[in-house]
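Report on the structure given below.
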Amino acid sequence: MTLASRSAGRLIAVVGPSGVGKDSVMAGLQSVMPSLYLVRRVITRAPNLGGEDYNAVSVSQFEAMAKDGAFAVYWCAHGLHYGIPITVKYQLGKGTDCLVNFSRKALGQATGVFQRLVVLNITAKPETIADRLTARARETEGEISNRLARADKALPTGLNVINLANDGPLHQTIARGAALLQPVSL
């Protein structure tokens, strides 16, 4: 089978408010669905801060990369720059489903870039999110309040969205997510 005759993989954009458990769910999904390619974002954040595995760069490095076409999609949020490496298109072209931590505000841009975009919208109750944000100790009380105020931000219309609640045990969330993401036969 040639590359051109294969079906393109899905870009599974994982979205949800900060503290909803995106990184934990993504790691769990990748462990039970090893054929998923976990995309490493490029972020203007100091290295080794925990959470997701990412490539840390300076703002000037990021800007140069964006200018050189290194990103399929990029955006700014919470004072940081985030980029999805253009190399994800190679994986998608091979028919590989790719899982990536995404921004709700960048979904509109993604619809013009990715042929088979699926949005995995992870949700949780406000008290669950507040507890998780407090436990990770990266934000002040005011920053946590601001994040909670944006937690129920609506997604753009017209997207292929799968909703996944993450309030209970993580293994149950992962099992439900894996069942929802099973490839559809053509």
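Here, each number is a calculation from the coordinates, and none is a lab measurement. Note that the structure is a prediction, hence the values are computed from the model and not measured. Cβ sites come from the backbone with ideal geometry, for glycine too, and all protein chains shown count toward neighbours.
Assorted remarks:
- Average Cα contact separation per residue, the chain, under 8 Å, 6 or more apart, as relative contact order %: 32
- DSSP finds beta bridges in the chain, and of those with both partners inside it, around 30 percent are antiparallel.
- Sequence-distant lysines (8 or more away, or on other chains) whose Cα lies within less than 22 Å of Lys153: Lys22, Lys105, Lys125
- In this Cβ point-charge picture (+1 for Lys and Arg, -1 for Asp and Glu), the chain has a dipole of about 440 debye about its Cα centre.
- Contour minus Cα-Cα distance for Tyr90 and Asp167 (0.36 nm per residue): 24.3 nm
- Prolate/oblate/rounded call for segment 1-111, Cα gyration tensor, a/c under 1.5 rounded: oblate
- Residues whose placed amide H lies under 5 Å from that of Thr44, excluding near-sequence neighbours: Val57, His81
- Sequence-ordered 3J(HN,Hα) estimates for segment 161-166 from the Karplus curve with 6.51, -1.76 and 1.60 and θ = phi - 60° stand at 10, 10, 9, 9, 7, 10 Hz, glycine and proline given as x.
- Label of the coordinate-derived value, Rg and Dmax of the Cα atoms in Å, listed as (1) 20.5, 73; (2) 22.9, 77; (3) 16.4, 55: (3)
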